[in-house]
Structures are given as C-alpha cells and as structure tokens.
Amino acid sequence: MKYSMIGTWKMAFDGIKLGENILKNNGNIKDAIDKAISLTEDNPSFNSVGFGSLPNIEGELEFDAAFMDGNDLSFGAICSVKNIKNPIKVAIALSKFKRNCYLSSIGAEKFAHINKFEFKNMLNDDCINRWKHEIKNNFDLDNLEAYDGHDTVCMIGLDSNKNMAVGVSTSGLFLKKAGRVGDSSVIGSGFYCDSLVGGAAATGVGEDIMKGCLSISIINRMKLKQDIQSSCEDAIKEHTERFNLSKYKAGSMSVIALDKNGNFGVATNRDEFPFVVTNEFSQTKILICKNNNSKMEIFEADEKWISNYKYD
Ligand code: ASP
C-alpha cells in the first residue's frame, strides 16, 4: 500500500482525514501526525484530548504526549505538562534529540517555553463543570476507569516513502492524582514504531496497559511473523487472562497497529471500540471493533451508529 493511517476512537476522524490529504499528495508521515493530532487537541468538543479535556482531581489539566519515528527509532515524550496548546508538537520536537528526549512537568514546560511553543489556558467552562459535577460523587481513586468518552488519541501511519511514525496525546484518566502518568507517553507501553516491522499504540487504563507493555508486545509478535490482527488479539487476550489470575480485574484496554505494508490490526477487551482508518484504496472511515469472546469482528459504522454515538 502506498500510504495508510489509523487512529483511536471516533474523535480521530477529522485528523485522519487531514492526514489522508497530506499522504495522498506524497506528504510526510511526521507532518501528517503533527497536523492530525494538533487538530484533535485544538477541538474543544473532544472531551479527553487537548483544550477543554479531563481535569485531574485538583481540577487541573495535565497532559501526556509522545511521538516515535519508525525509521531511526527516535522518540520524544512529555508527561504531566500544563497549559501547552499542542503537546504533540513538543513531543515531536524532542524526538530530534538523542538524549533528554523524555521530559516531565516543569522541565518539559521550560523546554516548550524556550523553544517558543504556544501556551494557553487549556481549561474551559465545559471541562470545569464536568469536574465539579464528578467531584461531588463518590468515586474510587484506586479503581479509576478510562472515561467512557475516551481518553487518548493515538495515530499510526505509513507514507509513500515507506516512513512510519506514531503519535499519541491525552489528558490521561479523568480525576487522576496530580502528577500521575499513564502509559501514553511511555515507550513500549502506550506506543512503539519500527518502520521495518510496523507500529502499535494503546488506549485505556494506563496502569494496566503498562503491566503488559502492550505496544511492544504486539511489535514483538509481528517480528516473529505473526499476522497483525492475531498479534493484537493475542496481546490483549493473554494480558487480560493474566489479570484474571490475580486479585485485580483488568481495566479497559484497546490497541491499534499498522504493519510496514499498511495493513491494520485492532483489538479490545471492551465490548466495542471505534477507530478510524484511511489508505490508498479507501477514504477515511470509522470502523467498529466488536469483541466477541476475544475474537474481534470489524464492521463499518453506519449512519445510525454514528448518530447514536454520544462519546468523545
Ligand atoms: N491511557 C490513558 C491513561 O491511562 C487513558 C486512556 O487512553 O483512556 O492515561
């Protein structure tokens, strides 16, 4: 396939559509991911990424983001940052460095400031009201689940020069403790990309995803020539089953992957997981991954599904 791109949740649609336009005109995957994720971060109607997203327990927004270039395995990541308009852009900038490419909170903000990235108050009335409403309810800090409105946008792509890359951006679990960092910015857990094999990324409860290092576990299966769809299904299934042997119940986890030829794989331990794809042969579309006893059924979202979908 000449080009291909995949993203998590319905909220990836506009960004992947923008990526499609870039890639079909022989654009670069780094540029496509930068623009596609920035668009998602800028849109306040997506509750869990960028502007107007999911506050922590103290009512503040703390973002995690990462980018990995599959050609040279370089990556950049930031975690627990505040008031940065486009966290993905800072992660991309950090991926140029051989060392000091993963920065946290004030260190990351200082880097962003020195390098003239845009700062902005990322809270809006909607997310403050959402926080005020939830904070009144009795919730269990030790058992936070991924927000049903979905927490992380992840995108993986292949361009016409066979470059591959992955990017992720999130405000993390709703009502997390200040300073809590999930899987999203952690290489091997929330994302991984090697242009000789493919890319993978995860969304869901970060602590549980990290326990299985889900993204690298998919890539390692693919390196052993396992096909991409069963690599995703087995990674989720084996990890969820391992949880079931422990005292903890697995939180929700979903993964996407793209191989070096542009084929995709997807799996979830939820009932249903929407995602977005585009490639040389198909315009951007929303697909649903339905979990049928750990076997994934994939079908296209119809008008009815789209109009009933109340999340993101
Ligand atoms: N993985 C993210 C985190 O734990 C949240 C999500 O993707 O739902 O911060």
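What follows draws every value from the coordinates through simple rules; no lab data is involved. Nothing here was measured: the structure is a model prediction, and the numbers come from that model. Ideal geometry is used to build each Cβ from the backbone, glycine not excepted, and the neighbour counts take in all protein chains shown.
Can you find, within segment 228-247, the residue that is surrounded by the fewest Cβ atoms within 10 Å (Cβ to Cβ) among those that are of a type in the set (Lys, Arg) and closer than 13 Å to Ser217 by Cβ? Looking at residues that are of a type in the set (Lys, Arg) and closer than 13 Å to Ser217 by Cβ, I get Arg242.
Go through the residues of segment 59-68 one by one and say whether even a single one is assigned to a loop (DSSP other than H, G, I, E, B), surrounded by fewer than 24 Cβ atoms within 10 Å (Cβ to Cβ) and away from the ligand (no atom under 16 Å from the Cβ). Within segment 59-68, one or more residues are assigned to a loop (DSSP other than H, G, I, E, B), surrounded by fewer than 24 Cβ atoms within 10 Å (Cβ to Cβ) and away from the ligand (no atom under 16 Å from the Cβ).
Against the list (1) in contact with a Cys (Cβ under 7 Å, 6 or more places away or on another chain); (2) surrounded by fewer than 16 Cβ atoms within 10 Å (Cβ to Cβ), the condition Ser104 fails is (2).
Residues of segment 277-292 that are hydroxyl-bearing (Ser, Thr, Tyr) and without any contact (Cβ under 8 Å) to a residue 24 or more places away in the chain: Ser282 alone.
Can you find a residue that is over 24 Å from Leu54 (Cβ atoms), in contact with a Leu (Cβ under 6 Å, 6 or more places away or on another chain) and outside any helix (DSSP H, G or I) anywhere in segment 263-270? The answer is yes, given that some residue of segment 263-270 is over 24 Å from Leu54 (Cβ atoms), in contact with a Leu (Cβ under 6 Å, 6 or more places away or on another chain) and outside any helix (DSSP H, G or I).
Between Gly179, Gly172, the distinction of being crowded, with 24+ Cβ neighbours inside 10 Å and either assigned to a loop (DSSP other than H, G, I, E, B) or out of contact with any strand residue (DSSP E or B) (no Cβ under 9 Å at 6 or more places or on another chain) (or both) belongs to Gly172 only.
For segment 271-309, a residue qualifies if it is in contact with a Pro (Cβ under 8 Å, 6 or more places away or on another chain) and either within 18 Å of Ala201 (Cα to Cα) or part of a strand (DSSP E or B) (or both), and the qualifying residues are Ile286, Leu287, Ile288, Cys289.
Quick one: in segment 17-30, which of the residues that are under 17 Å from the mean Cα position of the chain (by Cα) and of a type outside the set (A, V, I, L, M, F, W, C) is nearest to Ala165 (Cα to Cα)? By that ranking, first place goes to Lys30. Just one of the listed residues (Phe63, Phe67) is of a type in the set (Phe, Trp, Tyr), under 15 Å from Gly157 (Cβ atoms) and touching a residue at least 40 places away in the same chain (Cβ under 8 Å), and it is Phe67. Taken over segment 166-206, residues that are in contact (Cβ under 8 Å) with a residue 40 or more places away in the chain and more than 11 Å from the ligand (Cβ to nearest atom) amount to 16.
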